[in-house]
């Protein structure tokens, strides 16, 4: 199985590293507008392949993607360079849309022509609108985004930290936008099968304070990371590696990623069955009225961002 990664910046390199260890790809092709960078990263990583499952890592061009099963796009301006690091800015990652649309208009047609059978995963911010654009440019439905998978992992981690338990014991999802309008599905949080509300009551912990602490930590995680190292890269790299593994092995695993949803008329994230063709099925969880209204607002915000961009062109 061949995996392609377009964009070998911080996220692309981290994704390649994670994929080399996890995805079971037989070949990983790195493509970047700076071919020397792609080559340097490929050579550097290739010296460590004796410690990973058998894989060839090399730089390449679009013509090398012909038989790729999955191509991950990480190219584009990031939050720091794009000025999307203001905690009070309601636009959040959507501020990057205009610049990154131009990047995708160059990349996706070339990718679709070179690898017409490949599934395409968008990891560039903002992922949902860019996945919607990539779907249109590619002309098929095998397009999805990393969406709120990382948000959901962060959600589980911070819930676990507050409870002093392993994150592996927490079932929790974030849906909607990978951004400021994301929706935390508190009603379905489970700890070893027990509703969170019951565990909090047993421990005499107030929900409102617990919720604020966790949501603030998750919503501002990227900015906190950027303030320390300049780019959020390792978490999304690990997520990309896991998604690549699921697609290449046709696992039919379930986690929240972004795909076009006819009901909402926009690309957004919901728990989804993911396999060789990308999103195989979208699963709509049971929602409270508050959560449903939040998801509706998130969908409207995403639609507005797309409409505003189209109107400005």
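The values are calculated or read from the model by the stated rules, or taken from the named source; none is laboratory data. All figures in this text were calculated on a predicted structure; none of them were measured in a lab. All Cβ positions, even for glycine, are placed from backbone atoms using ideal geometry, and neighbour counts span all protein chains on display.
Descriptive notes on the structure:
- One residue alone among 135, 156, 95 is in a helix (DSSP H, G or I), surrounded by 19 or more Cβ atoms within 10 Å (Cβ to Cβ), free of Cβ contacts under 8 Å to residues at least 24 places away in the same chain and in contact with a strand residue (DSSP E or B) (Cβ under 7 Å, 6 or more places away or on another chain), and that residue is 156.
- Residue check: residue 40 meets all listed conditions (1) free of Cβ contacts under 8 Å to residues at least 60 places away in the same chain; (2) in contact with a helix residue (DSSP H, G or I) (Cβ under 9 Å, 6 or more places away or on another chain); (3) over 18 Å from residue 103 (Cα atoms) but one, namely (2).
- Meets criteria (modelled with pLDDT of 95 or more and in contact with a strand residue (DSSP E or B) (Cβ under 8 Å, 6 or more places away or on another chain)) for residue 239: no
- Qualifying position, being modelled with pLDDT under 95 and within 26 Å of residue 12 (Cβ to Cβ), among 312, 305, 259, 269: 305
- Breaking point among (1) in contact with a helix residue (DSSP H, G or I) (Cβ under 9 Å, 6 or more places away or on another chain); (2) part of a helix (DSSP H, G or I); (3) under 25 Å from residue 267 (Cα atoms), for residue 162: (3)
- Region 103-116 residues that are farther than 17 Å from residue 33 by Cβ, paired with ones that are at pLDDT 95 or above and part of a helix (DSSP H, G or I) (beta carbon under 6 Å, 6 or more apart): 112/138; 115/65
- One residue alone among 19, 38, 25 is crowded, with 17+ Cβ neighbours inside 10 Å and part of a loop (DSSP other than H, G, I, E, B), and that residue is 25.
- Those residues of region 276-301 which are in a loop (DSSP other than H, G, I, E, B), in contact with a strand residue (DSSP E or B) (Cβ under 8 Å, 6 or more places away or on another chain) and surrounded by fewer than 14 Cβ atoms within 10 Å (Cβ to Cβ), in sequence order: 283, 284
- Exactly one residue out of 251, 215 is in contact with a strand residue (DSSP E or B) (Cβ under 8 Å, 6 or more places away or on another chain) and either at positive phi or in a loop (DSSP other than H, G, I, E, B) (or both), and it is 251.
- Within region 226-248, the set of residues being under 16 Å from the mean Cα position of the chain (by Cα), in a helix (DSSP H, G or I) and more than 24 Å from residue 27 (Cβ to Cβ) comprises 235 only.
So that you can scan it fast, the table gives a plain yes or no per residue for (1) surrounded by 19 or more Cβ atoms within 10 Å (Cβ to Cβ); (2) in a loop (DSSP other than H, G, I, E, B); (3) without any contact (Cβ under 8 Å) to a residue 12 or more places away in the chain; (4) under 24 Å from the mean Cα position of the chain (by Cα):
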| position | (1), (2), (3), (4) |
| --- | --- |
| 45 | yes, no, no, yes |
| 57 | yes, no, no, yes |
| 64 | no, no, no, no |
| 71 | yes, no, no, yes |
| 78 | yes, yes, no, yes |
| 82 | no, yes, no, yes |
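- Of all the criteria given as (1) more than 24 Å from residue 242 (Cα to Cα); (2) under 22 Å from the mean Cα position of the chain (by Cα); (3) free of Cβ contacts under 8 Å to residues at least 60 places away in the same chain, the one not satisfied by residue 35 is (2).
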